[in-house]
1. Let me understand the stretch 54-207 better: what is its radius of gyration from the alpha carbons, and its Dmax, in angstrom?
2. Please state the relative contact order of the stretch 42-102 as a whole percent: Cα pairs under 8 Å, 6+ residues apart?
3. Starting at the first residue of the stretch 281-291, write each ³J(HN,Hα) from the Karplus equation 6.51 cos²θ - 1.76 cosθ + 1.60 with θ = phi - 60°, in whole Hz, x for Gly and Pro.
4. Give the peptides 351-358, 5-12 in descending order of average Cβ contacts within 10 Å, highest first.
5. Could you give me the percent of Cα pairs per 5 Å distance bin for the stretch 306-363, shortest bin first, beginning at zero and ending with the bin that holds the maximum distance?
6. So how do 367-378, 167-178 stack up, highest first, on mean other-Cβ count within 10 Å?
7. Can you tell me the length gained on complete extension of the stretch residue 294 to residue 146, counting 0.36 nm per residue apart and subtracting the Cα distance?
8. What aspartates and glutamates does residue 106 reach when the alpha-carbon gap must be under 13 Å and sequence neighbours fewer than 8 apart in one chain are set aside?
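The values are calculated or read from the model by the stated rules, or taken from the named source; none is laboratory data. Nothing here was measured: the structure is a model prediction, and the numbers come from that model. With ideal geometry, Cβ positions are generated from the backbone for all residues, glycine too; neighbour counts draw on all protein chains shown. To get the accessible areas, we keep the full protein, side chains included, count just its heavy atoms, and leave off ligands, DNA and RNA. Shrake-Rupley method; radii C 1.70, N 1.55, O 1.52, S 1.80 Å.
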Amino acid sequence: MIRDQEILDALLDSVRRFVRERLVPAENEVAETDAIPPAIVDEMRRMGLFGLTIPEAYGGLELTMEEEVRVLFELCRTSPAFRSVIGSTVGIGSQGILMDGTPEQKAKYLPRLASGELISSFALTEPEAGSDAASLRTTAVRDGDHYVLDGTKRFITNAPQAGLLTVMARTDPATPGAGGVSAFIVETPSPGISYGRIDRKMGQQGAHTCDVIFDGCRVPAANLIGLKEGQGFKTAMKVLDKGRIHIAAVCVGVAQRILDDALRYAMERRQFGRPIAEFELVQAMLADSRTELYAAQCMVVDAARRRDEGRNVSTEASCCKLFASEMCGRVADRAVQILGGAGYVADHGIERFYRDVRVFRLYEGTTQIQQIIIARNMIRDAS
Ligand SMILES: Cc1cc2nc3c(=O)[nH]c(=O)nc-3n(C[C@H](O)[C@H](O)[C@H](O)COP(=O)(O)OP(=O)(O)OC[C@H]3O[C@@H](n4cnc5c(N)ncnc54)[C@H](O)[C@@H]3O)c2cc1C
């Protein structure tokens, strides 16, 4: 749903200009230094990008899902590490509070998230609990008006920068699986929280992940999301349903950029006396990429519209995440092929994109987990 086309167009124009004038020129520096320049993060704050999804009442832009994906199509025509700066706050880090938090929790935290004063992270994965997230072992034991958290969370995006973590922990050890899990808002730094070293990743330099270790970390009972124990896994799954459409939109944006670069190269590079874009075998790679990209874009917009209508989009969100992330990998692979040797060396940036996009098929549920969700929903609906 688009509420006001004119206002959205103005936002899309300013995001487009920001990407072209500020982000694209900084791509190499970010890859080399493994850091996003603070001036760029400040500009993101001023543009309101941290508050895209947060209600206007709390200082955000309150975009609908369709508006959000259209912004992501534009914002992600550059290194995906830039999106990652706002990604956990706009998406998985804030949405648990927004969806299931109490009015007091929302009033306390959402304005600071919307302004970008606080960066948030979503802490579900553990060393022994990845795809099987419901088996998580981090415990939260009630002690007076606090809970005491113990355990380790793994691969937590933006944890080194975060001022707030949404942490899924087991409040009921007697209930294995999802039922015993609760979600907490944890402010950082706090006594009892330490961090592992920053992970050395295949791609997306500038976006940081690390372990977060809880050792007797006392969290006020008032920070149990919704003040209800046993609801945390449901909150996490609702957050991920939305997050999967978000990631699929990211894949569309990045794939569009990769394909633009590959097309430009194919039109300029000459072999056998002609631009390689005139060879039909190269055209096939361009056309297949364009076709799959269009399909993914249509899927993402459709799923976003359905979600805006209040429909259950669990299946559609997984279809989008599965197809768009695999599509993005294929587009990046074909782009390397189109650039030939130039695609393999660092100077043209395509090998960097090839590495950057690999993680889309892994996080927020691997391709296999999306397949399982889709098939399980199909069987349930048919029974
Ligand atoms: C860069 C990065 C950022 C991340 N950010 C966050 C974050 O901010 N917060 C967070 O909580 N987590 C985060 N994660 C964790 C991410 O969500 C997990 O890595 C992902 O869910 C997969 O879990 P795993 O790595 O433990 O793999 P595993 O679960 O061990 O899976 C390994 C392989 O087995 C397959 N597999 C597992 N179970 C099944 C099954 N039942 N059937 C078929 N195949 C199966 C998987 O598909 C995969 O191919 C991040 C990860 C990365 C790499």
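1. 16.2, 50
2. Relative contact order of the stretch 42-102: 28 percent.
3. Result, ordered by residue: 5, 6, 4, 4, 5, 5, 5, 4, 5, 4, 5 Hz.
4. 351-358, 5-12
5. Here the calculated profile for the stretch 306-363 is 4, 19, 21, 16, 13, 10, 7, 6, 4, 1.
6. Descending packing order for the listed peptides: 167-178, 367-378.
7. Additional length available on full extension: 48.3 nm.
8. Candidates past the 8-residue exclusion: 56.
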